[in-house]
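Below is one structure, written out as C-alpha cells, with a few remarks after it.
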Amino acid sequence: MRSKSVYFSLGPTTSPVSDADPLDPLHRELGTLSTELSHLETYLGCAGGFLANQKEPRIGDILVVPLSFRARADTLSVQYSERLPGKTVMEQVRAFRSDLQEAEDARNTLTHTLYWCGPVGDTTPVASNHNEGKTCPQTAIRRRHTSIRS
Amino acid sequence: MKAKHVLRLQFEDVTPQSVAEKSAALKQLVNRRDDLMLPLFYDFSDYTAQFYGFFAPENVP
C-alpha cells in the first residue's frame, strides 16, 4: 500500500508568498547565531587539533573533524590540562568549557523551537496574519518548546 | 496510575535582539579561546593562519 503524503496548508492567501514574513528579522538573527556557533566549532577544532599534535596539526585536525561541538570542547579542555598541568589558567579553562556548553545548549534550544508570531494560544496561522499586512510586535514573538520529562 | 512521562510546553518571548545578544556572547567566546591559546602556544597563530589560508580565493580550486 502506498503511503499518503501529508501537506500542511497555510490557508487561503490574499497576497504573494514573497511578502515579508514578520518573523524574518528573528530568522536572520537565528541564522547569524548558527553561523557564529559554526565558526566557534571550527575554532575549537583548530585548537584541539593543534594541541593533539603540535608538530603535525593536520593529523590532529583529521582526528577532530568528526567530533561534535561538545566533544571538541572536551578535547580542548582535557588536552589543555595535559599540556599545562598545574597552571593557574586551568580555572579559566574550566569556566570557558562551561560557557561553551551553555552557548551550545542555548543555540540548540533556539534552533529546535517553534516560533509563533502573536499571543500564545492564538491558533491563527502566521501566514494569514502576515498576508493581511499585520505587523508582529517584538514582544509578541513567542517560543513554544516541548519536551518529554520522566 | 501516575503518568511517567509528561509533555511540557514552555513559552517564552524571543526577540531578534535577544538572539543577537547570544551571537555577541559567542564572539566573546572566540576571543576567550584566543586568550587561552595565543599567549601559551606561540605557533598556534601560525597554524590558524595556515588553516584559514586554505579558504583564501587563490587557494580555492
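Give the stretch A:80-89 a look and list any residue that's surrounded by fewer than 16 Cβ atoms within 10 Å (Cβ to Cβ) and part of a helix (DSSP H, G or I), or say none.
Listed by number, the residues that qualify are A:Ser81, A:Glu82, A:Arg83.
Can you find, within the stretch A:63-88, the residue that is nearest to the other protein chains (Cβ to nearest Cβ) among those that are at pLDDT below 90 and out of contact with any helix residue (DSSP H, G or I) (no Cβ under 7 Å at 6 or more places or on another chain)?
Taking the candidates together, the pick is A:Leu84.
For the stretch B:4-30, give me each residue that is closer than 28 Å to A:Met90 by Cβ and of a type in the set (Val, Ile, Thr).
Hit for the stretch B:4-30 is B:Val30, nothing else.
In contact (Cβ under 8 Å) with a residue 40 or more places away in the chain and not basic (Lys, Arg): is that true of A:Ser34 in this structure?
So A:Ser34 passes the test.
If we scan the stretch B:10-29, do we find a residue that is aromatic (Phe, Trp, Tyr), at the interface with chain A (Cβ under 7 Å from one of its Cβ atoms) and touching a strand residue (DSSP E or B) at 6+ places or on another chain (Cβ under 9 Å)? Let's see the steps before the verdict.
If we filter the stretch B:10-29 for residues that are aromatic (Phe, Trp, Tyr), which is where we start, we get B:11.
Next cut, at the interface with chain A (Cβ under 7 Å from one of its Cβ atoms) only: B:11.
After this cut, where a residue has to be touching a strand residue (DSSP E or B) at 6+ places or on another chain (Cβ under 9 Å) as well, the list is B:11.
Scanning the stretch B:10-29, I find at least one residue that is aromatic (Phe, Trp, Tyr), at the interface with chain A (Cβ under 7 Å from one of its Cβ atoms) and touching a strand residue (DSSP E or B) at 6+ places or on another chain (Cβ under 9 Å), so the answer is yes.
Check B:Arg33 against each of (1) surrounded by 15 or more Cβ atoms within 10 Å (Cβ to Cβ); (2) touching a helix residue (DSSP H, G or I) at 6+ places or on another chain (Cβ under 7 Å); (3) more than 30 Å from A:Met90 (Cβ to Cβ) and name the one condition it does not meet.
Among (1) surrounded by 15 or more Cβ atoms within 10 Å (Cβ to Cβ); (2) touching a helix residue (DSSP H, G or I) at 6+ places or on another chain (Cβ under 7 Å); (3) more than 30 Å from A:Met90 (Cβ to Cβ), the lone unmet condition for B:Arg33 is (3).
The values are calculated or read from the model by the stated rules, or taken from the named source; none is laboratory data. Worth saying up front: this structure is predicted, and the values here are computed from it rather than measured. Cβ sites come from the backbone with ideal geometry, for glycine too, and all protein chains shown count toward neighbours.
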